[in-house]
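Colleague: Submitted below is the structure of interest, expressed as structure tokens.
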Amino acid sequence: MTDPATAPGSARQKIDTSVPHSARIWNYWLGGKDNYPVDEEAGDAYTAVFPGIVAIARSSRAFLRRNITYLAGEQGIRQFLDIGTGLPTADNTHQVAQRIAPESRIVYVDNDPMVLAHARALLYSTPEGATAYVDANVLEPERILEAASGTLDFSRPTALILSNILGHIADFDEARSVVERLTAALPSGSFLSVNDGSRGIDPVFEQAQDAYNSSGAVPYNLRTVEQITSFFDGLELVEPGVVSVQQWRPEADAPEPEIIAEHGGLARKP
Ligand SMILES: C[S@@+](CC[C@H](N)C(=O)[O-])C[C@H]1O[C@@H](n2cnc3c(N)ncnc32)[C@H](O)[C@@H]1O
């Protein structure tokens, strides 16, 4: 059988190793190996200005893990739509959810060919549950919902995960529109989880991000805490609301949370 990841015109063949990519740099900061010299160089140039990005990347993965644990463990959520998945890492959404509830169903969405090439690692589901991968752009919510409906039943509560992806949508109103169109398709009792790099907390972070954005890489737009909070308009924020990610329901044995420039929250659709 032809491997879709390596066939002519396939994801692996479309991988551009001449410019840094968000998923690969993120993987580098998380300590992964799925990146190229160009990503390492861009990642190192960034940390030379702002070493705190590594803590931001790792803290936001920990935030995601606590979100999924809460959703599966305390809210009985069994369906997850994770858009802007990134390269497989430790504790991907399905692993966290299926550890708690093996019947959980997860759809991952990303538009990076490298993520597509590695998607197989995201597809090792429990037999009771299901995982699927959709190669799509977040700017096409209707297409994503249509493709995901093969795995997820959108008449049942579903958690929508948007972790460090909305900053890739340059226009704030467009980002809000994408979130609204996605959440509109979900029933009452569904949840929205968002976390994103925040502006107005750390000027050195903003300086590093501005330099990165002008380097030829796909830019990432930091948003103010008010802007991040507004993604949850019309929804009921779970305590403690939108906070710096280490402050969101820290585990009992966690070190004292620090305020870092990455904010997130979780909210229920009434
Ligand atoms: C910074 S990484 C975040 C990965 C993961 N969600 C996390 O928080 O650890 C951003 C991800 O969004 C993906 N992405 C960027 N623009 C996208 C778009 N327009 N549509 C779909 N995915 C996109 C990138 O390929 C990358 O995997």
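The values are calculated or read from the model by the stated rules, or taken from the named source; none is laboratory data. Just so it is clear, the model here is predicted, and its values are computed rather than measured. All Cβ positions, glycine included, derive from the backbone under ideal geometry; neighbour counts span all protein chains shown.
Colleague: Somewhere in the stretch 81-93, is a residue in contact (Cβ under 8 Å) with a residue 24 or more places away in the chain and more than 13 Å from the ligand (Cβ to nearest atom)?
Modeller: No, the conditions are met nowhere in the stretch 81-93.
Colleague: Another question about this same structure. Within the stretch 181-196, is there a residue that is charged (D, E, K, R), free of Cβ contacts under 8 Å to residues at least 12 places away in the same chain and surrounded by fewer than 20 Cβ atoms within 10 Å (Cβ to Cβ)?
Modeller: No, every residue in the stretch 181-196 fails to be charged (D, E, K, R), free of Cβ contacts under 8 Å to residues at least 12 places away in the same chain and surrounded by fewer than 20 Cβ atoms within 10 Å (Cβ to Cβ).
Colleague: Take Asn137 and tell me if it is within 12 Å of the ligand (Cβ to nearest atom), surrounded by 17 or more Cβ atoms within 10 Å (Cβ to Cβ) and without any contact (Cβ under 8 Å) to a residue 60 or more places away in the chain.
Modeller: So Asn137 does not fit the description; no.
Colleague: Let me ask another. Cβ-Cβ under 7 Å, sequence separation 6+ or interchain: first residue in the stretch 213-226 and without any contact (Cβ under 8 Å) to a residue 60 or more places away in the chain, partner β-branched (Val, Ile, Thr) and assigned to a loop (DSSP other than H, G, I, E, B). Which pairs?
Modeller: What qualifies is Val225/Val242.
Colleague: Evaluate the following for Ile68: is it touching a strand residue (DSSP E or B) at 6+ places or on another chain (Cβ under 8 Å), at pLDDT 90 or above and away from the ligand (no atom under 11 Å from the Cβ)?
Modeller: yes
Colleague: Of these, Ala55, Ala72, Ala62, which one is farther than 26 Å from Ala132 by Cα and either without any contact (Cβ under 8 Å) to a residue 12 or more places away in the chain or of a type in the set (A, V, I, L, M, F, W, C) (or both)?
Modeller: Going through Ala55, Ala72, Ala62 in turn, the sole match is Ala55.
Colleague: With respect to Tyr212, is the statement that it is surrounded by 14 or more Cβ atoms within 10 Å (Cβ to Cβ) and assigned to a helix (DSSP H, G or I) true?
Modeller: Yes: the conditions hold for Tyr212.
Colleague: Listed residues Ser155, Ser193, Ser125; which is assigned to a strand (DSSP E or B) and either under 16 Å from the mean Cα position of the chain (by Cα) or more than 30 Å from Ile259 (Cα to Cα) (or both)?
Modeller: Step by step, each of Ser155, Ser193, Ser125 is checked, and only Ser193 is assigned to a strand (DSSP E or B) and either under 16 Å from the mean Cα position of the chain (by Cα) or more than 30 Å from Ile259 (Cα to Cα) (or both).
Colleague: Within the stretch 206-216, can one find any residue that is within 16 Å of the chain's Cα centre (by Cα), modelled with pLDDT of 95 or more and not polar (S, T, N, Q)?
Modeller: Scanning the stretch 206-216, I find no residue that is within 16 Å of the chain's Cα centre (by Cα), modelled with pLDDT of 95 or more and not polar (S, T, N, Q), so the answer is no.
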